[in-house]
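Here, each number is a calculation from the coordinates, and none is a lab measurement. Every value quoted in this text rests on a predicted model; they were computed, and no experiment measured them. As a convention, Cβ positions derive from the backbone with ideal geometry for all residues, glycine included, and neighbour counts pool all protein chains shown.
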Amino acid sequence: MAEQVIVVQTTLPGEWTEVRAGAWCYALVEAGLAACAQRSKITSIYRWDGEVESASEWRIQCKTDAARKDALIGAIRTDHPYDIPMIIAFTAETSADFAAWVGED
């Protein structure tokens, strides 16, 4: 049977430098809220104020366990620069050894 981890995703402004986005991720991992965080440059197309917009953003993907999920989401919400941040959390099946690593303190 596969084990489970929680994946939490958000986006950050594309005008942020790679170093700034990386520091944001680093802080989440250093605080023990995520086992790892990844950043990647993306282009988002979305509707805002009745108009279709396009913007460069950083996609942030964090892996955590169920015990830390709410604290991770709370930290993201508290420190997020957007008025309405996209925060998505879902459960993913993974190997037992990876799930054990994610759950380590």
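Worth a mention:
- Residue ID - farthest from C62 (Cα to Cα), chosen from residues in the range 1-45 that are among the basic types (K, R) and in contact (Cβ under 8 Å) with a residue 12 or more places away in the chain: K41
- If you go through the range 1-16 and keep only what is over 16 Å from A55 (Cβ atoms) and β-branched (V, I, T), you end up with V5, I6, V7, V8.
- Residues satisfying the stated conditions in the range 44-64, i.e. small (G, A, S) and either surrounded by 16 or more Cβ atoms within 10 Å (Cβ to Cβ) or in a strand (DSSP E or B) (or both): S44, S54, A55, S56
- Evaluation of I88 against (1) within 14 Å of the chain's Cα centre (by Cα); (2) of a type in the set (V, I, T); (3) surrounded by 12 or more Cβ atoms within 10 Å (Cβ to Cβ) (one fails), failing number: (3)
- Unique residue being more than 16 Å from A37 (Cβ to Cβ), part of a helix (DSSP H, G or I) and touching a residue at least 24 places away in the same chain (Cβ under 8 Å) when the list is A71, A99, A75: A99
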